[in-house]
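Enquirer: Following this message is one structure expressed as structure tokens.
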Amino acid sequence: MKLLLHTCCAPCSVYCIDSLRKEGIEPTVYWFNPNIHPYMEYKARRDTLIQYTKDINVEAIFEENYGLRDFCKNVINDLENRCKQYCYPVRLEQTAKYAKENGYTHISTTLLVSPHQNHEALIEVARNMAKKYDVEFLYRDFRIGFREGQAKARELGLYMQKYCGCVFSEESSNYDHIISEQKVQLLKNKITERKIRLALDVPNLELKQYQNGNKEQIKFIYDLKKEVYQKYVENIYGEWNEEIQKKLFDKFMKENLKNIELIYLKDKLVRILQWKRNRG
Ligand code: SF4
């Protein structure tokens, strides 16, 4: 067997190479990862693998392709399925192609070590690519050694990445906690919105909300439907008058909800209301 092992990074390769060697299989490491961005991250992972493969004396081939533009063009229309639809196929196709052209009989990938990857999709894509290029796919469920490999990589002081590779995975990895904070905030906003609706007693009032990230404040943009407000004004004052609208709106709000501050946006019927939770 002559195995070309697609390798995504040094830490993931640790367990895969160790366990293959224990089986008596000597892989050739194959770096082809146009999915790792930005460039300094790509370089850090590649350079770590260059050093690691030298240290453990394994043959390694580095296929340079940063590929940012092609990657973005190909995933942007279906971000949810980008791993299976583009990222796995593009890497494993190149691996299978290179294997065929250079006399390898088998391909595999270190991606199979990660519990964070779509393991079933990887198997399917790898099988298809192997078939397409008339080589064999060597399947191993390397996931059993994920922790062991990561621990060894840490001990060795290898560079450990904090996200899968693309900027979208970086967003999920580093931005998730902010997203969940935002979800909590949005929920609080919804509660406030409901209070405001009840206080105003105008169920068909259109209320849009946005956040500025400040936990102490929740800002709302009210898009007050003219006819709703007009009806209110007419009920109280008997007629609709654009000129007195601003004053009346203030009065209207103050009467109905005390802890609302109004900021006018020129002549529009849009108002930014600032609600402070600590106010009485
Ligand atoms: S999350 Fe990882 S596997 Fe999926 S597209 Fe991004 S880099 Fe590729």
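The values are calculated or read from the model by the stated rules, or taken from the named source; none is laboratory data. Since this is a predicted model, take the numbers as computed values, not measurements. Cβ: placed from backbone, ideal geometry, glycine included. Neighbour counts: every protein chain shown.
Enquirer: In contact with a Pro (Cβ under 8 Å, 6 or more places away or on another chain) and free of Cβ contacts under 8 Å to residues at least 60 places away in the same chain - does that describe any residue in region 85-99?
Expert: Kept after step one, since they are in contact with a Pro (Cβ under 8 Å, 6 or more places away or on another chain), are these residues of region 85-99: 90-91.
Then drop every residue that is not free of Cβ contacts under 8 Å to residues at least 60 places away in the same chain, which leaves 90.
The answer is yes; a qualifying residue exists.
Enquirer: Right, next: Would you be able to say whether some residue in region 56-68 is part of a loop (DSSP other than H, G, I, E, B), modelled with pLDDT of 95 or more, under 24 Å from the mean Cα position of the chain (by Cα) and polar (S, T, N, Q)? Please lay out each step first, then the result.
Expert: Taking region 56-68 as the starting set, the residues that turn out to be part of a loop (DSSP other than H, G, I, E, B) are 56-59, 63-67.
If we keep only those that are modelled with pLDDT of 95 or more too, we end up with 56-59, 63-66.
Still in the running and under 24 Å from the mean Cα position of the chain (by Cα): 65-66.
Add one more test, that the residue is polar (S, T, N, Q), and what stays is 65.
Checking region 56-68: at least one residue is part of a loop (DSSP other than H, G, I, E, B), modelled with pLDDT of 95 or more, under 24 Å from the mean Cα position of the chain (by Cα) and polar (S, T, N, Q).
Enquirer: For the condition surrounded by fewer than 20 Cβ atoms within 10 Å (Cβ to Cβ) and at pLDDT 90 or above, what is the one hit in Arg147, Arg91? Outline the logic, then answer.
Expert: Working: Arg91 fails: surrounded by fewer than 20 Cβ atoms within 10 Å (Cβ to Cβ).
After applying the criteria, what remains is Arg147.
Enquirer: Would you mind finding the one in Asp78, Asp141 that is out of contact with any strand residue (DSSP E or B) (no Cβ under 7 Å at 6 or more places or on another chain), under 17 Å from Ser169 (Cα atoms) and among the charged types (D, E, K, R)? Break it down into steps so the answer makes sense when it comes.
Expert: Values: Asp141 fails: under 17 Å from Ser169 (Cα atoms).
Testing whether each residue is out of contact with any strand residue (DSSP E or B) (no Cβ under 7 Å at 6 or more places or on another chain), under 17 Å from Ser169 (Cα atoms) and among the charged types (D, E, K, R) leaves just Asp78.
Enquirer: Please give the number of the condition Ala60 fails out of (1) touching a strand residue (DSSP E or B) at 6+ places or on another chain (Cβ under 9 Å); (2) within 14 Å of the ligand (Cβ to nearest atom).
Expert: (2)
Enquirer: Could you check region 82-167 for helices (runs of 4 or more DSSP H) lying wholly inside it with 1 or more residues that are closer than 21 Å to Leu20 by Cβ and within 12 Å of the ligand (Cβ to nearest atom)?
Expert: Per the criteria, 88-101, 119-132.
Enquirer: Restricting attention to region 1-46, which residues are touching a residue at least 40 places away in the same chain (Cβ under 8 Å), more than 19 Å from Phe142 (Cβ to Cβ) and out of contact with any Phe, Trp or Tyr (no Cβ under 6 Å at 6 or more places or on another chain)?
Expert: His37, Pro38, Glu41
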